[in-house]
Structures are given as C-alpha cells and as structure tokens.
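Notes to accompany the following structure.
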Amino acid sequence: MSKKITLEQKVLSRNDILAAELRKLFNEEQVAVMNMVSSPGSGKTSLLEKTLGSLSQNLSIGVIEGDIQTDNDAVRIAKTGVPVYQIQTGGACHLEAEMIRRALVNFDLKSTDLLIIENVGNLVCPSAFDLGEGLRVAVISTTEGDDKPLKYPAMFRSADVMVINKMDLLPYTDFDVQKVTRNAMSLNPEIQILKTSCRTGEGLNEWANFVKNFAHLIVSGV
Amino acid sequence: MHELSIAIEILDIVEREAAKHGAAVVRRVNLRVGDLSGVETESLAFSFDAVKGEKDLTRDTILSIERLPVKIRCTPCDEVFHGAGHMVVCPQCEGFDTQLLQGEELEIEDIIID
Ligand SMILES: Nc1nc2c(ncn2[C@@H]2O[C@H](COP(=O)(O)OP(=O)(O)OP(=O)(O)O)[C@@H](O)[C@H]2O)c(=O)[nH]1
Ligand SMILES: [Mg+2]
Ligand SMILES: [Zn+2]
C-alpha cells in the first residue's frame with residue numbers, strides 16, 4: 001500500500017544556503033554589503049571610481065571585483081586607494097556565494113563598514129545568485145534601450161535600486177527615462193531610481209549619499 | 001541556473017523522509033514551482049533524473065512538477081490577477097499597489113512511498 005507523506009517543505013539551492021550564512025556573518029560583523037549588477041559596460045566601475053574617494057572619508061570600504069578574465073577593474077579601483085580583491089571566474093558568467101566566502105580572507109571584516117561587490121557584467125545569471133548582500137544595485141545605461149527591465153525581469157525584480165547611468169548621452173538616444181522607470185516599477189514597485197553621469201557628474205552626489213545612508217543604516221544597527 | 005543543486009537538495013530531503021518512514025521505494029515526489037522562482041521545469045526534471053541514481057529507493061521515482069502561475073492582488077481594485085512576464089502591476093488600474101500572492105514557491109508538497 002502506497003502512503004502519502006505531506007512535507008510542504010521549501011527547497012533551497014546550495015547557493016541560497018551559503019548566502020544565508022554569509023548574510024548572518026555580515027550582520028554579526030556589522031558590514032553593509034552591496035552587490036552591483038549590470039550588462040557589460042554600463043558603468044559599474046566608473047561609478048565606484050567617481051565616488052569611492054568621498055565615501056572612504058567616512059567609511060572603511062573594501063571592494064570585490066568579479067570578472068571572467070583580467071584584473072583591469074581591480075587596477076582601476078586600487079588607484080582610488082580602497083582595498084580591492086579581484087575574483088577571476090575563469091569562465092563563469094556570474095559570482096556565487098562560495099566565491100565571496102573564499103574572497104573574504106582578504107578583508108578584515110571587523111574593521112570594514114562597507115563591502116562593495118562588482119558582479120560580472122551580465123543581465124541574466126547574477127540575478128539568480130544571492131551573495132548575502134543587503135543591497136542590490138542594478139545599473140542600466142541610456143544606450144541599452146528602455147525595454148531592458150522587461151527583457152531581463154529577474155534582474156530588475158531582485159534589485160533594490162536602479163541607477164540610470166550615462167545620462168549625458170540621453171540626447172543621442174531614444175531612451176525614455178519615464179518609460180524605463182515605469183517598466184522597472186511594473187516588475188518591482190519598491191525599486192528606487194537614481195540618475196547619473198560619470199562624464200558630467202550629474203547625480204553622483206545623490207549616488208554617494210544613497211550608498212552612505214545604506215552603510216550607516218547597517219553599521220549603526222538601526 | 002540552480003537546477004542541478006536543487007535536484008540534489010530534493011533528493012537529500014526525499015531520502016531523509018523515506019528513511020524516517022521506513023520506505024523501501026519512493027514512487028513520486030510532488031513539487032510546486034512558482035513562475036517567479038527562476039527554476040526551469042525541463043532542466044530540473046533532467047537534473048533529477050541524472051542524480052537519482054541506481055539505488056532501489058529512488059531509481060523509479062517520478063518527479064512531478066506543478067507550475068504555479070503568478071497571482072497578484074490589487075489593493076485598490078481588490079481583485080486577483082495573473083501577472084504577465086514577471087509584472088506585478090495591476091492590469092486593470094495599472095497601479096503598483098499590489099501584493100504578490102503566489103509565484104515564488106519552490107517546495108515539496110508531498111511524497112508517495114511504499
Ligand atoms: N558617456 C559616458 N560614458 C561612461 C559613463 N560611465 C561610464 N562610461 C564609459 O563606459 C565604458 C564602460 O564603463 P565601465 O565603468 O568599465 O563599465 P562596467 O559596468 O564596470 O563594465 P564591466 O565591468 O566590463 O561590466 C567606459 O569607457 C566608461 O568610460 C557615463 O556616465 N557617460
Ligand atoms: Mg567593471
Ligand atoms: Zn488595480
């Protein structure tokens with residue numbers, strides 16, 4: 001006689017289990033962790049280059065760079081004087097919690113306020129891999145088309161904030177800021193929107209303040 | 001994306017439960033997967049078949065996957081809708097004041113054992 005056993009049990013992937021452990025560790029050590037995702041070249045590294053100087057006046061920061069190949073981005077970040085560690089995935093198109101766990105030996109979490117992770121440029125796979133972060137930032141640039149949230153919904157659904165970068169190029173494109181905002185909000189009504197240009201400096205103060213507020217919220221334990 | 005690791009986790013849970021109930025064979029695993037879970041049905045079925053192995057307990061186990069469509073409730077309209085393409089905006093009033101009722105599930109509902 002067959003028997004039915006009711007379980008109603010949630011199934012977690014290995015990455016989710018590990019990410020939950022990391023999140024617990026980050027909470028205990030009071031480290032604010034931010035995961036930056038975007039398609040290749042939207043301006044993740046540029047946004048950091050432009051604002052790490054002012055951010056590191058009040059915060060002790062560490063940066064983890066994720067790329068398939070090269071340490072170009074880590075070299076760029078190192079020039080700002082902020083400690084940086086480069087993960088080369090050697091083929092993987094996204095970072096995983098296990099890679100972050102291994103990278104942590106390069107940082108002193110006790111004295112770190114803010115850990116910034118720049119993910120591999122890719123609008124698909126990084127969305128499925130929780131890294132234990134407290135804030136997920138999706139960067140989109142004005143040359144990519146305002147339909148991208150709808151085409152890559154998982155990414156914009158999982159992000160807390162969408163930064164629209166390369167605002168200086170807006171006049172040369174058919175990118176509609178209102179449309180992209182509406183598209184992102186139709187997936188994720190809570191998503192916050194920032195507009196920046198790493199060329200003209202537009203919105204960079206707002207971006208820096210946003211990051212600062214996030215870090216202070218975690219570090220002061222509010 | 002995670003389908004292989006999810007298949008391994010399902011098998012783990014199933015083997016533990018089977019042992020607890022002294023099962024000789026697991027006939028079926030009933031899984032519920034929401035359309036927003038990011039889990040692909042075919043890839044998960046394929047992965048499960050690859051990992052269930054040759055053990056008597058699970059060799060013939062059928063993984064039955066029930067897909068759950070997105071369900072949202074619009075607060076002002078007080079109606080329930082199916083979202084399209086991961087959207088949680090209300091199709092009637094186009095408002096964002098909605099609540100996700102269903103779509104993110106990834107759970108084992110029950111298992112059938114002998
Ligand atoms: N015009 C303009 N160019 C920008 C802006 N931000 C970045 N760029 C340029 O865009 C290119 C890519 O910028 P990165 O900062 O390397 O982009 P990324 O997202 O870090 O790229 P990956 O790490 O390779 O995914 C560079 O040539 C930048 O100079 C901007 O606001 N306006
Ligand atoms: Mg970069
Ligand atoms: Zn409505």
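Each value in this text was obtained by applying a stated rule to the coordinates, not by laboratory testing. None of the values given here were measured: they were computed from a predicted structure. Virtual Cβ from ideal backbone geometry, glycine too; neighbours counted across all protein chains shown.
Shown is the FRET efficiency for A:R199 and A:Q178, computed with R0 = 25 Å from the Cβ-Cβ distance and rounded to the nearest 0.05: 0.70.
Counting every other Cβ atom within 10 Å of each residue's Cβ, A:F156, B:F81 order from fewest to most as B:F81, A:F156. Annotation: the antiparallel percentage among DSSP beta bridges lying fully within the protein assembly as shown is about 35.
Once you put a point 7 Å from the Cα of B:K20 and another 7 Å from the Cα of A:L12, both along the Cβ direction, what distance in nm separates them? Here the answer is 1.7 nm between the modelled labels.
Restricted to Cα atoms, the protein assembly as shown shows a radius of gyration and a Dmax of 22.1, 73 angstrom.
What the Cβ-Cβ distance of A:Q69 and A:R101 gives, at R0 = 25 Å and to the nearest 0.05, is a FRET efficiency of 0.70. Once the Cβ-Cβ distance of B:D97 and A:I5 is raised to the sixth power relative to R0 = 35 Å, the FRET efficiency obtained is 0.30.
Based on the convex hull around the alpha carbon atoms, region A:13-145 presents an average projected area of 7.8 nm².
Which percent, nearest 5, of DSSP beta bridges in chain B are antiparallel? In chain B, approximately 65 percent of DSSP beta bridges are antiparallel ones. Span-like helix check, chain A: qualifying full DSSP H segments, with Cα axial length of 20 Å or more and mean Kyte-Doolittle of 0.0 or more, are A:204-219.
Over the C-alpha trace of chain B, radius of gyration and Dmax come out as 17.6, 55 angstrom. Proximity of backbone amide H atoms, modeled 1.01 Å from N, is registered between B:V70 and B:D35, B:G83 at under 5 Å, excluding neighbours fewer than 5 places apart on the same chain.
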